[in-house]
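Participant: Have a look at this one.
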Amino acid sequence: MYVKIYFDNRPLFICNEITPEIEPYTHHKDAFLIDELSLTALGSFIQEMNQQQTHSGIIIHHDLTAAKKAFFKYFEVIQAAGGLVYNEHSEALFILRRGKWDLPKGKLDEGETLEECAIREVEEETGLRKIALANFLLTTYHTYYQDGKQILKESHWYKMEVTGDQELVPQTEEDITQTRWVKKEEWNKLLSNTFPSIKDVLLSL
């Protein structure tokens, strides 16, 4: 088992074994691997992951839960939720936010469940209504800096469905400039201009 966390486009794997997906990263000359959870080791490792020349990183430890907990202590963790929404024509809904194709998502409000958050954010960012929650897909993780703090965003993704001919209204105050229904065979046109975590959501189906 493993947890994948993105530093920009650079993947970090926290794992308790080297799986077939992780194994190719162990051979890259600009990849880093550690097998201890000391403050010094983790602190240096995170510094390396923040360097543009780093390719990837691996933290391997027999206790995956302990390794994840130790790593997360270095960040302010923000919970978020969003959706991969399908219409009756088997088209998925994409949004263009700050020049990149994305899926609707946002931060969890106090008192909300993750499912409630996912639906609310889709409604707010796209204008859709009467959204049916289908099933949970996966959780993605990525890091960024905000107000001098290093943030770890934990995003929970759900498959959703809508019916009827609904008007799409991009939430411009969230820097969303387009909303578009896209057939699966046309996804590749957008994948060159999206985030690696969004690719993981699409590949989870």
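No lab work stands behind these numbers, since they all come straight from the coordinates. Here the structure is a predicted model, which is why all the values come from computation and not from measurement. Virtual Cβ from ideal backbone geometry, glycine too; neighbours counted across all protein chains shown.
Participant: The stretch 64-88 to the stretch 145-205: how many Å between their Cα centroids?
Facilitator: So the separation of the two Cα centres works out to 16 Å.
Participant: Now for a separate question. Stokes-Einstein diffusion coefficient for the stretch 9-121 at 10 °C in a medium of 1.306 mPa s, Rh from the Kirkwood formula over Cα pairs: what value in µm²/s?
Facilitator: Rounded to a whole number, D works out at 94 µm²/s.
Participant: How would you rank 44-50, 109-115, highest first, on the average number of other Cβ atoms within 10 Å across their residues?
Facilitator: Order by mean packing, descending: 44-50, 109-115.
Participant: Cα to Cα, under 23 Å, and not fewer than 8 places away if on the same chain: which lysines meet these conditions relative to residue 199?
Facilitator: Excluding near neighbours in sequence, the set is 4, 68, 100, 105, 107, 153, 159, 183, 184, 189.
Participant: For residue 151 and residue 172, calculate 0.36 nm times their separation in residues minus their Cα-Cα distance, and state this gained length in nm to one decimal.
Facilitator: 5.2 nm
Participant: Could you tell me what % of all Cα pairs in the chain have separations over 28 Å?
Facilitator: Cα-Cα pairs of the chain separated by over 28 Å account for 32 percent.
Participant: Working out 0.36 nm times the residue gap between residue 165 and residue 183, then minus their Cα-Cα distance, what length gain in nm do you get to one decimal?
Facilitator: Fully extending the segment from residue 165 to residue 183 adds 4.9 nm.
Participant: Tally Lys/Arg at +1 and Asp/Glu at -1 over every other residue whose Cβ is under 14 Å from the Cβ of residue 53; what's the total?
Facilitator: Every neighbour counted, the sum reads -1.
Participant: Follow-up question, since we're still on this one. Hey, which aspartates and glutamates would be in cross-link range of residue 130, C-alpha to C-alpha under 19 Å, not counting anything within fewer than 8 residues on its own chain?
Facilitator: List returned: 88, 91, 112, 115, 116, 121, 161, 165, 167.
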